[in-house]
Amino acid sequence: MFSLPSARTLLAACRPSTWSSRVGPALSSPSLVFARGRHQLAPRSVKFLKRHKGVLPVPIGGSIKGTTLAFGDWGIRVKGNGARITAKQLKSADEALRRKLKPIKGAKVYMRIFPDIPVCIKGNETRMGKGKGSFEFWATRVAPGRVIFELGGAPIREELAREALRLACDKLPTLMEFIDRKAPPRLGNLLITPELPADTNPQQTIAP
């Protein structure tokens, strides 16, 4: 005679781990599933949707990378303290620049930073515990002297570039400065100017 299966065997057969899932490992994890619009500033995929808050970067090692223009002829960079800029603020500034430069054929807007840090927020008057808050928006942390936007692709007058970048600065949460190709690199609040040789006198003028 056939023996009836035991209760332990029946429970083992009904465990969820033995079910055949038709979705892949990336979709089965709830932390990796999020909606991203076509024109939304957000990374395509991340390994973890929640991250530590972190601190603003401070350039104490002497690096001047990202403080000068690389693609365009005009730009803005952080002059005040570092800040956390959200994707919504960057999108508003980018739309203001493109709206102002629309009559100029071939003009391009270069964004030197990208919001790839997830920010999680818990509701007001919430008791402590019960895990981290839910995902709210994307942001990025910028250090003093970091270039944010550049304008190029076509000859743009300085007056028009200043006006367009001024509109973009109104959308950003920190103090900015207007720079061009001749602007020296910045290390925090210090401008790095090239040193003159010891045998030259800066006050002496050479006649042609």
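Bear in mind these aren't lab numbers, they're just calculated from the coordinates by the rules spelled out. The model shown is predicted, which means the values in this text are computed figures rather than measured ones. All Cβ positions, glycine included, derive from the backbone under ideal geometry; neighbour counts span all protein chains shown.
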#### Entry: Spatially proximal aspartates and glutamates relative to Lys102 (Cα-Cα < 14 Å; intrachain offsets below 8 disregarded)
Asp94, Glu163
### Query
Hey, which of these cross-link pairs are over 18 Å Cα-Cα: Lys88/Lys171; Lys88/Lys132; Lys100/Lys171; Lys53/Lys132?
Lys88/Lys132
### Query
Between the DSSP loop rule and a limit of at most 15 other Cβ atoms within 10 Å, which trypsin sites (Lys or Arg not before Pro) in segment 86-116 are left?
Lys105
### Task
For a quick protection proxy, order the peptides 139-145, 185-191, 160-166 by their average other-Cβ count within 10 Å, most packed first.
139-145, 160-166, 185-191
